[in-house]
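Trainee: Sharing a structure with you now.
The values are calculated or read from the model by the stated rules, or taken from the named source; none is laboratory data. Here the structure is a predicted model, which is why all the values come from computation and not from measurement. The area values use the complete protein model at the heavy-atom level, side chains included, leaving out ligands, DNA and RNA. Shrake-Rupley method; radii C 1.70, N 1.55, O 1.52, S 1.80 Å.
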Amino acid sequence: MAKRPGHCISTRKEPKQARAEQLLQSVLEAAVQVLAREGAARFTTARVAERAGVSVGSLYQYFPNKAAILFRLQLDEWRASARMLEEILSEPQPPLTRLRHLVQAFIASECAEAEVRQALADAAPLYRDAPEAKEARQDTDRLFDDFMLELLPGLEEPERDLASELIASTMTTVGKAFSGKPRTDDEITRYAGAMADMLCSYIEGLNRGGSN
C-alpha cells in the first residue's frame, strides 16, 4: 500500500531566470514521458533526470522527491481543467448548453491524455491527502458548485449536492473507462453526445420535480 504523504510535496522553488525556467520545463516534460511509458509504479526521480538530461542534484533544486514531481504534474492538470471549466461555464449560453459543451470537452480531454491521467490516478495516494492538494482543488470545486446552482436553482442544497456528486462521478468514471483504449474523433463525438443527452435529461427531470 502506498504511504500517505508525511513530507513536502510542493516545489522547492520557482525559477527566476530563463535558463532555470527551461530546466524546470525540461524536467516536467521528461516526467510526463516517464510517467506515460513506465507508469506510476516505476516512476523515479532518477529516470526523470536521465530522460531530461540533467543531474539528479539539479532536479532536487526544484523537487524534493518523486511525490513532488507527480503532484506538480497533477497540479498543472487541475489548473488546465479549471481554465477549461471557467472558459466553458462563462459562455453566454443557457446552462444546459454549457453542460453539453463541458461533457464534450471533458471526454475529448480524457481521451487525449489517457495514459498520463491514468498514471496520475495510480499515483494519487502519494499526494491526494496533502493540504496542498486539497487547496489546489478548491477553485475547480467552487466553479462547479456555482454552475450547479445555475443548473438547479429550485433544489435545496442537499439535493443539489447529490446531483453534483452524481454528475462529477459519472463523468470521471465513465470518461476513464471510455478512454481506456484509443478512440476515433467520431467515436468521441458520438459518445460524448450520448452522455450529454443523459445528463441533460437528468437535470431537466430534477427541474420538473420528476425525480420522485
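Trainee: Please check: in the Gaussian network model of the chain (C-alpha springs, under 10 Å), which one of GLN74, GLN104, GLN17 has the largest mean-square fluctuation.
Mentor: Highest fluctuation among the options: GLN17.
Trainee: Per 5 Å bin from zero, what fraction in whole % of the C-alpha pairs of the chain is there, up to the bin with the longest pair?
Mentor: Taking all Cα pairs of the chain, the binned fractions are 1, 7, 13, 16, 17, 14, 12, 9, 6, 3, 1, 1, 0 percent.
Trainee: Here's a follow-up. Could you pull the accessible area for ARG160 with a 1.4 Å probe, rounded to 10 Å²?
Mentor: The accessible area comes out at roughly 40 Å².
Trainee: When all protein chains stay in place, what accessible area (Å², nearest 10, 1.4 Å probe) is found for TYR191?
Mentor: 90 Å²
Trainee: Say we join alpha carbon atoms closer than 10 Å with springs in a Gaussian network model of the chain; which of VAL116, VAL27, VAL54 then has the biggest fluctuation?
Mentor: Result for the chain, Cα springs under 10 Å: VAL54 fluctuates most.
Trainee: Here is a further query. Taking only Cα atoms and a 10 Å spring cutoff, compute GNM fluctuations for the chain and point out the largest among ASP122, ASP186, ASP197.
Mentor: Highest fluctuation of the listed residues: ASP186.
Trainee: Another question, if that's okay. Angle check, please: helix 114-123 long axis (alpha carbons) against the longest principal axis of the chain (alpha carbons), in degrees 0 to 90, nearest 10.
Mentor: Tilt of helix 114-123: around 70 degrees.
Trainee: If you build the Cα gyration tensor of the stretch 18-62 and take the root of 5 times each eigenvalue, what three semi-axes come out, in whole angstrom, biggest first?
Mentor: 18, 11, 7
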